[in-house]
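Student: Have a look at this one.
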Amino acid sequence: MNQYIQAGENYLKKCVFDGLAHSYDVDEKEYVKAYPEVTGYVLKYFADTAHMLERNMIDAALYLVKIQNSNGGFYSFDRKDILYSFDTAQIARGLLAVFNYTNDVIFLNSALKAGEFLLSSQQANGAIIPYYNINLEAWVIRDETYEIWNGPFSGLMCKLTEAFRDFYAITGEKKYKEAMEKTANFYESADYIEYTHPLGYWIEGLIAAKRMEKVREVVDSNILRRIENNGYISYKENLSYGYVSGTIQLGIILAKIGYFEEAKLIRNYGRLVQSKHESGGLFQYADSTGNINRNIHSEINSWGTKYFCELERLLEER
């Protein structure tokens, strides 16, 4: 394990407490934003790569089981009356990974409840409805959900193919494979996404469903040209800062389809950002020199750090 992975993993281990993963605000010098969805990311990472899951990780998985709604869904942050299909999918993947590691059926049963919730979120055309309102006992589409984040017609929702693929792999049930294909069929025709983080989610979903022709089309026409010499990619073209997790996600995608030199450039930019704070975590927003950008907030997040460790491991295996 190289020093960059070790530093990143140390941050990830420390940010999980009281059952959830947190971000760290470098200005306030405190942990913020206990986040169920991202706890799923971190659990999957360590369950897939670690020789031993530490106690706080098992406790986090048990906590997710505890806070799961009876219909299988999960909330995001503090608003507990709205359940999210996207967040539930990421948590379910973490729980499945912990089950594969521990063989404890409590995690499998919780994940399968989440799987049924996700199936109920899918419309006949394959689109995923993003929100379930507990008070209304119904799936809802709000006007703002038609924007790029979490909208039913946003390519971001294509990432649910990963969860359906994982469910199919562990259960062999045809309904999950069919849901994966319907999701990919619908979102493959989504408009090109300029923002790197949701763009990464979209392509991750396409890769899970093996829609490689579309993946290469988007990469060749829209991503390669955006990579600067040091691996930096702006969050959206002409913005003065990058969403670091989104940049790293694109690096992983490039490595998976054979653009190793470009992936290494992005990896090196991630190392630059990591070097700017002693925690080993990566700022959520940073400029082209790797320094934090405070236009939105001054946080280090766990999901960006997880993706960075994943990219390091992927390139180290070559």
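Student: Using all C-alpha to C-alpha distances in region 68-226, build P(r) with 5 Å bins and read off the rounded percent in each one.
Tutor: For region 68-226, the binned pair fractions read 2, 10, 19, 22, 20, 14, 9, 4, 1, 0 percent.
Student: Quick check: residue separation of GLU28 and ASP220 times 0.36 nm, minus the Cα distance between them. What number comes out in nm?
Tutor: So the chain would gain 65.0 nm between GLU28 and ASP220.
Student: Run the quick spin-label model on GLU278 and THR171: label points 7 Å from Cα toward the beta carbon, then report their separation in nm to one decimal.
Tutor: Going from the GLU278 label point to the THR171 one covers 4.8 nm.
Student: Between SER120 and ASN295, what is the spin-label point distance in nm, taking each point 7 Å from the Cα along the Cα→C-beta axis?
Tutor: The modelled label-to-label distance comes out at 4.0 nm.
Student: State, to one decimal in nm, how far the label point of MET1 lies from the label point of ILE134, with both points 7 Å from Cα in the Cβ direction.
Tutor: 3.6 nm
Student: Suppose R0 equals 35 Å; then what is the FRET efficiency for SER70 and ASN185 from their Cβ-Cβ distance, rounded to the nearest 0.05?
Tutor: E(calc), rounded to 0.05, equals 0.65.
Student: Restricting to DSSP H runs of at least four residues, report the calculated mean residue ellipticity at 222 nm for the chain, -39500 (n - 2.57) per run over all residues, nearest 500 deg cm²/dmol.
Tutor: Using -39500 (n - 2.57) per qualifying helix, the result is -16500 deg cm²/dmol.
Student: Would you mind checking region 246-286 for residues with the amide N under 19 Å from a putative spin-label position 7 Å along Cα→C-beta of GLU317?
Tutor: Residues 248-268 fall inside that zone.
Student: Using 0.36 nm per residue, how much length does the chain from VAL105 to ASN10 gain when fully extended, once their Cα-Cα distance is taken away?
Tutor: Here the answer is 31.4 nm.
Student: Same structure again: Run through all the Cα pairs of the chain and give the fraction in each 20 Å bin from 0, expressed as whole percent.
Tutor: With a bin width of 20 Å, the distribution comes to 34, 62, 4.
Student: For region 27-43 and region 268-318, write down the distance between their C-alpha centroids in whole Å.
Tutor: 15 Å
Every read-out reported here was derived from the displayed coordinates using simple, explicitly stated rules and does not represent laboratory data. None of these values were measured; they are calculated from a predicted model. Neighbour counts are summed over all protein chains in view; Cβ atoms, including those assigned to glycine, are modelled from backbone coordinates with ideal geometry.
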